[in-house]
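Colleague: Handing you this structure, nothing more for now.
The values are calculated or read from the model by the stated rules, or taken from the named source; none is laboratory data. All of these numbers come straight from a predicted model, not from anything done at the bench. Neighbour counts run over all protein chains shown; Cβ positions are idealised from the backbone, glycine included. SASA here: full protein model, heavy atoms, side chains in, ligands and nucleic acids out. Shrake-Rupley method; radii C 1.70, N 1.55, O 1.52, S 1.80 Å.
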Amino acid sequence: MKTGLLKTFGAAALALAGVGAQATTVNWTNWQGGGWEPDASFTGTGTVRVGSMSVGVTYTNANRNGVYFYQTDGGEDYWTPRDSSSPYTSAEVKNAPSSTDIIGAWAAGWQTLTFSQAVSDIYLSFVSLNGNGYAFEQDFDILSQGCGYFTCGSVTKLPVDLGDGNIEYQLLATGGEPHGTIKLTGSFTSLSWRTLNSELWHGFTIGVGGPAPVPEPASLALVGLGLASLRITRRKPQS
């Protein structure tokens, strides 16, 4: 009996692994309005398709000089090349940023994304992160890197211990003009990170993998059974 169960679970695990190995079609943000606010911050707005829904995306940079330009409709295509040599596609990401939309960043400092509803997995593609880096409060994966619009370069990930159990995960340029894509896994309604140095300029855009997952009925039933079990074990013995 146990052998049969193990075979069943093994087959299921292999099937799931096969699904996970397929490249994801990323939904890239369509950046639209935006500008510099009276308080000297910058705000950009856009939408991203998640299934049949349109999710609002807001980008905020607290430093007025944090954004050098904001390209929302047409203009230079900094996401080239778009062929098999693209630094933005990989075994996990099927498609490069789908338009010429890009945020051209400049000064060091904090920036934040907020979503009108929870989304699953954030993909950040970057252009020419020359001698610079990004610092995140959660781990990420470097999915691809290579030669892009501004020649070639490379990046690496560096975990930095800030003390008191806090780890900062830095995406660092290690040479040349890096172009590539990273992935932050999980469910998000917002994401904050900081640019480590001022540089004129480096660009980026973001995409998502889909909506935040909703627990399946079977999973909810298991949770209910677990809670019921806790109630039973905590009952006092009858005298």
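Colleague: Within the group 39, 73, which residue is out of contact with any His (no Cβ under 6 Å at 6 or more places or on another chain), over 17 Å from residue 105 (Cα atoms) and modelled with pLDDT under 85? Quick ask: steps written out before the conclusion?
Modeller: Details: 73 fails: modelled with pLDDT under 85.
Among 39, 73, only 39 is out of contact with any His (no Cβ under 6 Å at 6 or more places or on another chain), over 17 Å from residue 105 (Cα atoms) and modelled with pLDDT under 85.
Colleague: Which count do you get for residues in region 144-168 that are under 18 Å from residue 204 (Cα atoms) and either surrounded by fewer than 19 Cβ atoms within 10 Å (Cβ to Cβ) or of a type outside the set (A, V, I, L, M, F, W, C) (or both)?
Modeller: Taking region 144-168 and keeping what is under 18 Å from residue 204 (Cα atoms), we get 144-157.
Narrowing further to those that are either surrounded by fewer than 19 Cβ atoms within 10 Å (Cβ to Cβ) or of a type outside the set (A, V, I, L, M, F, W, C) (or both): 144-154, 156-157.
Matching residues across region 144-168 total 13.
Colleague: Within the group 187, 125, which residue is open to solvent by 10 Å² or more (accessible area, probe 1.4 Å), assigned to a strand (DSSP E or B) and under 30 Å from residue 52 (Cβ atoms)?
Modeller: One residue alone meets the criteria, 187.
Colleague: So which residues in region 140-159 are more than 22 Å from residue 208 (Cα to Cα) and aromatic (Phe, Trp, Tyr), if there are any at all?
Modeller: 149, 150
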